[in-house]
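This report concerns only the one structure given below.
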Amino acid sequence: MKKMNRYIITFSISLYGALNLVSAEDDVNHGKQLYQSNCSGCHGFRGDGEGLAAKYLNPPPRDFTKGKYKFRTTPSGSLPTDENIAKIIRKGVRRTSMPAWENIFSDKDISDVVAYLKTLAEKFSIQDPAPELTIPSTIPEKTDALIQEGAMVYRLMECWNCHGPHGEVDGPTSDKLVDDWGNKMVAPNFKNEVFKGGDDPVEVYRTFSTGLTGTPMPGYDDDSFGFAREDVEGDYDNLYNVYSDEEVNEYAAWAESIISGDELYNLPEDEMYEIFQRRKWAMVYYVLSLREKESLVYKLFVKDYELTQ
Ligand code: HEC
Ligand code: HEC
């Protein structure tokens, strides 16, 4: 009798396994059908980004064969989670030709397409996505002083190289940027263009942390904000090329007033971490403060958020 039981259990486990396998294959096949009829015109039959419409589109449609995804909750360079891919399919990518499919596809359709997209890059079969980044739950309050600090961090981190001194894409390398596929690309104008990864401060914070893989936009981890006075004071030559004398002087005064290494690195860890975090949020608020209040972007995406603050 005992033996019989064991037999039944093994049999039912293997049957369950087999059923699972069949349904996973069905999902991928269904995803493939949906992909070929809806996505391949842009992303290509093989998922290599070479669809018929591709040459007319800027930015070009993603090549899925490399496993490089821009919009993630995972660290720089990591694969995305299934939900990251699903979200883009549901919502589309603003400021580009990538449509939103949430009113066309069911949740099941979308997860089947995700399953199919993952078969296009070998990387998904040999790696798991890295753990998702967490965003601290305490967000410093937006104040003028914090925005001003963000402006200084922006000068220090040389965001202006690609984004221009005031976010208007007129920096020294603004017109020389290419993505990993060799396509020329431009960063958004902070004055009047929406952000693909989202416009609320938490989303912008996340984009700074993850970077946009496959593009020159780097990810900035918390340690990038671990600078002290000795690291930043002294040589301001590079700033004179892009900022006015007044702006460089303002920066120099800030650089010479921030916390020294001795003080910073002797702080209890949580207090030190709080300073890094404050600097990162300062930059988020600074970048968002560059939005022109009269612009459509501001009216559509930013004002509502600010009204609820
Ligand atoms: C009209 C052209 C077009 C169609 C149709 C289209 N896409 Fe896209 N898609 C794009 C473009 C362009 C981008 C690149 C956006 C960017 O790089 O900012 C993109 C990007 C993506 C991404 C990128 C995500 C990332 O994080 O990098 C995914 C996933 C995606 N598309 C899935 C799909 C799926 C699935 C379909 C069909 C259901 C589809 N697309 C149909 C144009 C299209
Ligand atoms: C080497 C060039 C480079 C540097 C340095 C750089 N960026 Fe970017 N950034 C880009 C490019 C290119 C894009 C556009 C990517 C895209 O649209 O796919 C971008 C996009 C962005 C976006 C919009 C993201 C979105 O969701 O659409 C923000 C905000 C941003 N950068 C802020 C910053 C800040 C702040 C810094 C400095 C800490 C910085 N960047 C440094 C090249 C750069």
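All of the numbers you see were taken from the coordinates with simple rules; none came from a lab. This one's a predicted model, so the numbers in the text were calculated from it and none came from an experiment. Cβ atoms come from the backbone with ideal geometry, glycine included; neighbour counts cover every protein chain shown.
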Counting other beta carbons within 10 Å of each residue's own, what order do Asp180, Asp199 fall into, fewest first? Asp180, Asp199
Sorted by average packing, counted as other Cβ atoms within 10 angstrom per residue and highest first, what order do 35-43, 262-270, 107-115, 49-57 take? 107-115, 35-43, 49-57, 262-270
HN-Hα J couplings of the range 190-197 from phi, Karplus 6.51/-1.76/1.60, θ = phi - 60°, integer Hz, Gly and Pro as x? 5, 5, 9, 10, 6, 9, 5, x
Ranking of Phe195, Phe64 by count of other Cβ atoms within 10 Å, fewest first: Phe195, Phe64
C-alpha center-to-center spacing [the range 197-221, the range 51-117] in angstrom: 16 Å
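Write down the Kirkwood hydrodynamic radius of the range 144-272, to one decimal in angstroms, obtained as one divided by the mean of 1/r over all alpha carbon pairs.
Values: mean 1/r = 0.0615 Å⁻¹.
Kirkwood hydrodynamic radius for the range 144-272: 16.3 Å.
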Mind scanning Lys118/Lys196; Lys123/Lys280; Lys123/Lys176; Lys142/Lys196; Lys87/Lys142; Lys87/Lys293 and naming the pairs with a C-alpha gap bigger than 25 Å? Lys123/Lys280; Lys123/Lys176; Lys87/Lys142; Lys87/Lys293
Assigning unit charges at the beta carbon (Lys, Arg +1; Asp, Glu -1) and nothing else, what dipole magnitude in debye, to the nearest 20, does the range 10-169 show about its Cα centre? 400 debye
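Provide, as a two-decimal number, the C-alpha radius of gyration of the chain over 2.2 N^0.38 Å, N being how many residues it has.
Expressed relative to 2.2 N^0.38 Å, the Cα Rg reads 1.22.
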Filter the trypsin sites (Lys or Arg not before Pro) in the range 196-294 down to the DSSP loop ones having no more than 16 other Cβ atoms within 10 Å, then list what survives. Lys293
Quick one: compute the contact order of the chain, relative version, from alpha carbon pairs under 8 angstrom and 6+ residues apart, as a percent. 18 percent
When only Cα pairs under 8 Å and 6 or more residues apart are kept, what is the percent relative contact order across the range 224-284? 47 percent
Give me Tyr273, Tyr286 ranked fewest to most by other Cβ atoms within 10 Å of their Cβ, as a rough exposure proxy. Tyr273, Tyr286
